[in-house]
1. Could you tell me whether any residue of the range 59-72 is among the acidic types (Asp, Glu) and at pLDDT 95 or above?
2. Filter the range 1-19 down to the residues that are surrounded by 13 or more Cβ atoms within 10 Å (Cβ to Cβ) and polar (S, T, N, Q), then identify the one that is modelled with the lowest pLDDT.
3. Which of the residues spanning the range 25-39 are hydrophobic (A, V, I, L, M, F, W, C) and under 14 Å from residue 65 (Cα atoms)?
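The values are calculated or read from the model by the stated rules, or taken from the named source; none is laboratory data. Keep in mind it's a predicted model, so treat the numbers as computed, not measured. As a convention, Cβ positions derive from the backbone with ideal geometry for all residues, glycine included, and neighbour counts pool all protein chains shown.
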Amino acid sequence: MEVDVKWNNMNEITEVTALIPGTPFAKNVRCRLCGEEIFSLADNADQATIDAEMVRLSAHMAIQHQVHVEHHKCDDPNCVD
């Protein structure tokens, strides 16, 4: 039997384990559901690398936990949400 569980808050299923120095942005993220590191960046990562890591995070959640993660790039340069 498949259980459809929905989370509205990524903080419930992920944990930021490191920030990019001097910023409020995640450098490393761990999955709370299984403990695997699912997002990892170098301090000077470019946008293509960030996008690839978001795809990896989304794929992990979908494949391993059947959780759909929606993400988008915000146009607000001051946004940290």
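1. no
2. The residue in question is 14.
3. Result: 31, 33, 34, 38.
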